[in-house]
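The structure appears below as structure tokens.
Here, each number is a calculation from the coordinates, and none is a lab measurement. Just so we're clear, the structure is a prediction, and the values are computed from it rather than from any experiment.
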Amino acid sequence: MKKILCTPLLLCHLFAFTQTKRSALNDSLIINKWVKAIVNLEGRYSYNKYQSQLYDSLRNRKINEKQFDSLMNIINQPPYLNAWASGTGIFIQKDSLYYLITAKHVLIDPSENYKDYVFRKLFIRENPTTTQNHYKPITIDKFGNTYLTDDYSLEIRVVNDTHPSGRSFAATSDYEDLIIISLNGCYNGKEVIKGLINKGYKPIDLRDIDTIGKNSSNEEIYSFGFPKESEVIQTKNLPRAMANWESDIETLPFVSKGRFVKNIPKTPFFEAEIFTYHGISGGPIVKNNKLIGITHGFALDTIYNNKILSGYLLYHSLFIKSSLIIPLLSKIESLELYVSPSEKFKR
């Protein structure tokens, strides 16, 4: 009788152990794949809007030349000089073309003089979990110019031409909050693509995107991204010349698990219970190793002691449905942004 009782108990323990081991293995496979497909984007503010306002004030005699020079000098000094915003992007490949997907609000430069202008200068921060051989020696020539031996630039110079066919990106409305940069359409995109691959990043492809969107409540999901401030592991002391084309910040990706809550009807969003924070915007939400959404932002205001705490949320957040990605990729293709740009803008 004891043998009969022990057998099912042993099987139960073995099954539980197998399930735990399988779950851990599944976590490892998913995490290893997606941390190599995300990048930490840093956008440098241009402050063109404020410079234009200062020129207008000088022309209209609201300020004198001395005041103008003083204010312009402030903009060209820290903390304004090289001030940045950050977010998360997803590296994706379609055929021989490469793109970065993120939330639109991550890339729009609010200091620009034009609406919907993407940061003209974007950097991809170093990430030791994917970067290979990032301690390369710095060489200095007789003129004082500094170089990293056998290294590729991770500075993205975005084409912001006012005509859509001249841009290196395609975006949805502010409400849908999605943008895709064509790396092949950037000035130095060919070098950036080689740099990412050389440093160990691995793009996802269209097969990794869930285009059906059949999700159910309480299904397990993963979030990947670079939360602002907390993801910074060190700041490099770069020579001034290098600081113009490379970020001095090294970061680590953040991974969290949560659950799908619900689709929001007649909107491009779904709701989930999972950790989000500034800087994770634009990062992937993954279910069953498929991209089901992009981090957008907070969903609801939290009520505490009968008071609404705007923007302070415990767990609920909004995410952009992945079904918006393929149509936006098609929009880039229809504009033919990628027609021989690497040759056209060859450095």
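Can you flag which of Lys290/Lys331; Lys36/Lys199; Lys287/Lys331; Lys257/Lys287 are past 18 Å Cα-Cα? Please report the intermediate quantities before stating the final value.
Values: Lys290/Lys331 22 Å; Lys36/Lys199 10 Å; Lys287/Lys331 26 Å; Lys257/Lys287 10 Å.
Too far apart for the 18 Å limit: Lys290/Lys331; Lys287/Lys331.
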The answer for Ser281, listing residues at least 5 apart or on another chain whose modeled amide H is closer than 5 Å to its amide H, is Thr88
Please list, ordered by chain and number, the residues whose modelled amide H lies under 5 Å from the amide H of Tyr117; skip anything fewer than 5 residues away on the same chain.
Asp109
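Could you tell me which of the pairs Lys115/Lys202; Lys194/Lys236; Lys115/Lys266; Lys228/Lys262 are separated by over 29 angstrom between their Cα atoms in the structure shown? Could you put the intermediate results ahead of the total?
Working: Lys115/Lys202 33 Å; Lys194/Lys236 23 Å; Lys115/Lys266 27 Å; Lys228/Lys262 27 Å.
Violating the 29 Å limit, Cα to Cα: Lys115/Lys202.
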